[in-house]
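Trainee: The structure's right below; bear with me while I get my questions together.
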Amino acid sequence: MATDHARSRPRSAPAKAPERYPHRGRRGAIRTDAQGVTAHVEQLPQSSQLGKSRVGGIDLNKPRMHNALRTVQALAIAPKGFTAAQCSDKVHSLTGLTAADYTTRQAAYDLRKLRAKALISKPGRSRRYVVPPAGARTISALLTLHDQVIVPLLAGMRSPRLGLPPSILTPADRHYEQLRIDMEALFTELGIAPAA
């Protein structure tokens, strides 16, 4: 009898789990976010206004800016932030440059460029810089794309394929090879001849 009673009770709907990815299913939100990121990335090389002064843009193809971004990425975990002097010291330790090659003044200017693009911030009137989470993600994405995707892809497009391919290909090797093949097709479609 207890089983009949249990069967006759209306079942309540199971509790709904919190949405893990709330942005999914809303195409407009994703498209808008992608457009915002694209616009932000396209504006990086352009000069910006910071306060009353104008500062240059961010060009990852220039070694000095690339080193500054790598350094800021390394210093992002500092709980109280970092100073321009600490930034220049870290550039010296990461790259082997001397104090004459990369000065604290150059580090301060590079940090101003990053501030103008909202990749780092300077709370109040302190001399310390902090990297907000969104800035850390953007810097990491830029460096990863530049170092791990764009540079190897372009190097693969420029160098001729000599000899037999390796007998054992890692999944990353297979992906790079597929990207190289797709890039050759894209270059052909665009009328850009890859270097032979």
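Throughout, read-outs are computed from the coordinates displayed, never taken from laboratory work. Note that this is a predicted model, so its numbers are computed, not measured. When we count neighbours, we look across all protein chains shown, and the Cβ atoms used for this are built from the backbone with ideal geometry, even at glycine.
Trainee: Could you tell me the calculated FRET efficiency between THR144 and TYR109, based on Cβ-Cβ distance and R0 = 25 angstrom, to the nearest 0.05? Please list the in-between numbers first.
Mentor: On the way: r = 25 Å, r/R0 = 0.99.
According to the calculation, E is roughly 0.50.
Trainee: Report the one residue of THR83, PRO166, THR71 whose Cα lies farthest in the direction of the positive end of the charge dipole of the stretch 38-177 (charges on C-beta: Lys and Arg +1, Asp and Glu -1; origin at the Cα centre).
Mentor: The Cα lying farthest towards the positive end belongs to THR83.
Trainee: Please list, in chain and number order, the residues 5+ apart from LEU50 or on another chain whose amide H is under 5 Å from its amide H, with Hs placed from the backbone.
Mentor: VAL55
Trainee: Could you quote the convex hull projected area for the stretch 68-196, Cα atoms only and averaged over all directions, in nm²? Write down the numbers at each step before the final one.
Mentor: Details: hull surface 45.7 nm².
Over all viewing directions, the stretch 68-196 projects a mean Cα-hull area of 11.4 nm².
Trainee: Same structure again: Based on the Cβ-Cβ distance of ALA134 and MET183, what FRET efficiency does E = 1/(1 + (r/R0)^6) give at R0 = 30 Å, to the nearest 0.05? Show your work: numbers first, answer last.
Mentor: Details: r = 30 Å, r/R0 = 1.00.
After rounding, the FRET efficiency stands at 0.50.
Trainee: If each residue of separation counts as 0.36 nm, what is the full-extension length gain between SER93 and ARG127 once their alpha-carbon separation is subtracted?
Mentor: Working: separation 34, 0.36 × 34 = 12.24 nm, distance 2.14 nm.
The SER93-ARG127 span can extend by a further 10.1 nm.
Trainee: Also: Just to verify a number: FRET efficiency for SER47 and ASP101, C-beta to C-beta distance, R0 = 22 Å, to 0.05? Spell out each step's value before the answer.
Mentor: Details: r = 24 Å, r/R0 = 1.10.
According to the calculation, E is roughly 0.35.
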